[in-house]
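Asker: Sharing a structure, written as structure tokens. Questions coming.
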Amino acid sequence: MLQTIRIREKLLGKNDELAAHNRERLDTAGVFAVSLCGSPGSGKTTLLERVIPALRLKFRIGVIEGDVETDRDGRRVAALDVAVTQLVTGGACHLDAKMVGLALDNLPVPLHDLDLLFIENVGNLVCPAAYALGENARVVVLSLTEGEDKPLKYPAMFRKTDSLVINKLDLVPYVPVDLQEMEAAAHVVHPGLPVFRVSCTTGEGIEPWIDWLMERRACWKK
Ligand code: MG
Ligand code: ZN
């Protein structure tokens, strides 16, 4: 006798339901949500620190920060004078739609008082790819110090993103990396993926990515 329970599929099915519910709540509130994935240290929080001061002149911004432990990133982003909820997963290596729903319930301001919501996932190139959160756009931040082959080694993450930000352009003189090869690897797993080379430290290359984000938002509003 054999009993098989496909737990993963069941859980992901439930996650998709909850993600659709989050999306509905966000749409109803008129909030465009962008999730950020990437390895620990790739520069997800630094990207937020770079773009939020410009974006907050036009938009009311909220941020959900996901980390295994500490509210360090939450405090960094809250210092930019935006509404932040820090999710401390206490071990879980990714955010899921249920956690994001909980964060939506516990934002420091009502959801309908926001225009733009960033969701920074736990640093991880593996399982966050499998969990829809209800976001309208997904972004992967890849630091050029991580090596050209990461898109090939973690294809799901790069397949499921809407844009790729290659960060730490300021380190090019010190790192033996071939950015063309890195982009080509991303395009092997995701043909046509928009790629942006930026330095979140100096601000180089950030404008085109903000333009991309604004275009996505404009399409969503139609
Ligand atoms: Mg971070
Ligand atoms: Zn995980």
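The values are calculated or read from the model by the stated rules, or taken from the named source; none is laboratory data. Since we're looking at a predicted model, the values are computed, not measured. Virtual Cβ from ideal backbone geometry, glycine too; neighbours counted across all protein chains shown. Calculation scope for accessible area: heavy atoms of the full protein, side chains included, ligands and nucleic acids excluded. Shrake-Rupley method; radii C 1.70, N 1.55, O 1.52, S 1.80 Å.
Asker: Within the accessible area of region 9-108, what % is carbon and sulfur when the probe is 1.4 Å and the other protein chains stay in place?
Answerer: Ligands and nucleic acids excluded, carbon and sulfur give 51 percent.
Asker: Follow-up. Sequence gap at least 6, Cα distance under 8 Å: using those rules, report the relative contact order of the chain to the nearest whole percent.
Answerer: 24
Asker: Placing +1 at every Lys and Arg Cβ and -1 at every Asp and Glu Cβ, with all other atoms neutral, what dipole size does the chain have around its Cα centre, in debye to the nearest 20?
Answerer: The dipole of the chain has a size of about 480 debye.
Asker: Under 13 Å from the Cβ of P110, count the other residues' Cβ atoms, weight Lys and Arg +1, Asp and Glu -1, and hand me the total.
Answerer: On the way: positive: R25, R60; negative: D105, D113, D115.
Net of charged neighbours comes to -1.
Asker: Number of Lys pairs in region 1-117 with C-alpha atoms less than 25 angstrom apart, excluding same-chain neighbours closer than eight positions?
Answerer: 4
Asker: How much of the DSSP bridge set in region 33-128 is antiparallel, in percent, rounded to the nearest 5?
Answerer: Once the DSSP bridges in region 33-128 are tallied, antiparallel ones form about 5 percent.
Asker: Counting heavy atoms of the protein chains only and a 1.4 Å probe, report the per residue accessible area for region 67-204 as a whole number of Å².
Answerer: With all protein chains present, region 67-204 gives 43 Å² per residue.
Asker: Give the percent of DSSP beta bridges with both residues in the chain that are antiparallel, rounded to the nearest 5.
Answerer: If we restrict to bridges inside the chain, about 5 percent are antiparallel.
Asker: Right, another one. Mind listing the long-range amide H neighbours of L117? Cut-off is under 5 Å, sequence gap 5 or more, other chains count too, H placed in the peptide plane at 1.01 Å from N.
Answerer: Correct list: F32, A33, V34, G62.
Asker: Roughly speaking, to the nearest percent, how much of region 154-222's 1.4 Å accessible area is carbon and sulfur?
Answerer: Answer for region 154-222: carbon and sulfur cover 54 percent of the accessible area.
Asker: Additional query: Just to be sure I understand the curve: with the Debye formula and one point per C-alpha of the chain, what is log10 I(q)/I(0) at q = 0.07, 0.10, 0.17, 0.18 Å⁻¹?
Answerer: Here log10 of I(q) over I(0) equals -0.21, -0.43, -1.25, -1.40.
Asker: Show me the ranking of peptides 56-66, 22-32, 130-140 by mean Cβ neighbours inside 10 Å, starting with the highest.
Answerer: So the peptides 56-66, 22-32, 130-140, ranked by packing, come out 130-140, 56-66, 22-32.
Asker: Right, next: Just give me a number: lysine pairs in region 135-222, eight or more positions apart or cross-chain, with C-alpha atoms less than 30 Å apart.
Answerer: Lysine pairs meeting the criterion: 6.
Asker: With a ≥ b ≥ c the root eigenvalues of the C-alpha gyration tensor of region 96-146, is it rounded (a/c under 1.5), prolate (a/b larger than b/c) or oblate? Numbers along the way, then the final one.
Answerer: Numbers: a/c = 2.51, a/b = 1.79, b/c = 1.40.
Taking the square roots of the gyration eigenvalues as a ≥ b ≥ c, region 96-146 is prolate.
Asker: Let me ask something additional. Students often get this wrong: which residues of region 87-116 have the backbone nitrogen under 15 Å from the point 7 angstrom along Cα-to-C-beta of E24?
Answerer: Only 98, 101 pass the distance filter.
Asker: Taking a ≥ b ≥ c as the square roots of the eigenvalues of the Cα gyration tensor of region 20-78, is the shape rounded (a/c under 1.5), prolate (a/b larger than b/c) or oblate?
Answerer: Numbers: a/c = 2.03, a/b = 1.33, b/c = 1.53.
In terms of gyration-tensor shape, oblate.
Asker: What are the ³J(HN,Hα) couplings of region 92-105, residue after residue, when phi is run through the Karplus curve with 6.51, -1.76, 1.60 and θ = phi - 60°? Round to Hz, x for glycine and proline.
Answerer: With coefficients 6.51, -1.76 and 1.60, one gets 4, 9, 7, 8, 10, 5, 5, 4, 5, x, 5, 5, 4, 5 Hz.
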